[in-house]
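The values are calculated or read from the model by the stated rules, or taken from the named source; none is laboratory data. Quantities reported herein were computed from a predicted structural model and do not represent experimental measurements. Don't worry about glycine lacking a Cβ; one is built from the backbone with ideal geometry, like all the others, and counts go over all protein chains shown. Calculation scope for accessible area: heavy atoms of the full protein, side chains included, ligands and nucleic acids excluded. Shrake-Rupley method; radii C 1.70, N 1.55, O 1.52, S 1.80 Å.
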Amino acid sequence: YDCSDNVNCFEIAGQKAWLSKATRVGLQNLLHVEKESGHTTTTLYLNEAALTLPIDKAIAMLATLELYAAECYRQTEVHKANVVALETIEDVEQYDYTAGYPEHPVFES
């Protein structure tokens, strides 16, 4: 469930998308380099569409995504520990592994 679009998702400009950890880290580095070089806008590519944003907004967006991903990771670890502690098949079958995840971020373009 934690690898599904139910969790790995954010919305911007009416589109759903996701950025892998490696992509988020790479973009954060790039955005800081662009900002230090005097750029005020950047272009991100989501679902093959170009999205031009102010650099500060893009940096804030990526920070929000990173915090969201961390919260989801923690919730997944809670679920893993809970399932390991269950003692019956019935308990495992009834366990709601979808509970507790935060709402995915929604950004305005």
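Brief remarks on what is shown
- Counting the residues of segment 32-52 that are closer than 26 Å to TYR73 by Cβ and in contact with a strand residue (DSSP E or B) (Cβ under 6 Å, 6 or more places away or on another chain) gives 4.
- Strands (runs of 3 or more DSSP E) wholly inside segment 7-61 that include at least 1 residues being at pLDDT below 95 and open to solvent by 10 Å² or more (accessible area, probe 1.4 Å): 15-17, 41-46, 49-54
- In segment 85-104, the residues that are under 27 Å from TYR68 (Cα atoms) reach residues that are part of a loop (DSSP other than H, G, I, E, B) and among the β-branched types (Val, Ile, Thr) with C-beta atoms within less than 7 angstrom, at least six apart or across chains, in these pairs: TYR101/VAL7.
- Of the residues making up segment 76-84, at least one is free of Cβ contacts under 8 Å to residues at least 40 places away in the same chain, of a type in the set (S, T, N, Q) and surrounded by 13 or more Cβ atoms within 10 Å (Cβ to Cβ).
- For segment 45-68, filtered to residues that are of a type in the set (A, V, I, L, M) and more than 15 Å from the chain's Cα centre (by Cα), the residue that is nearest to ALA13 (Cα to Cα) is LEU51.
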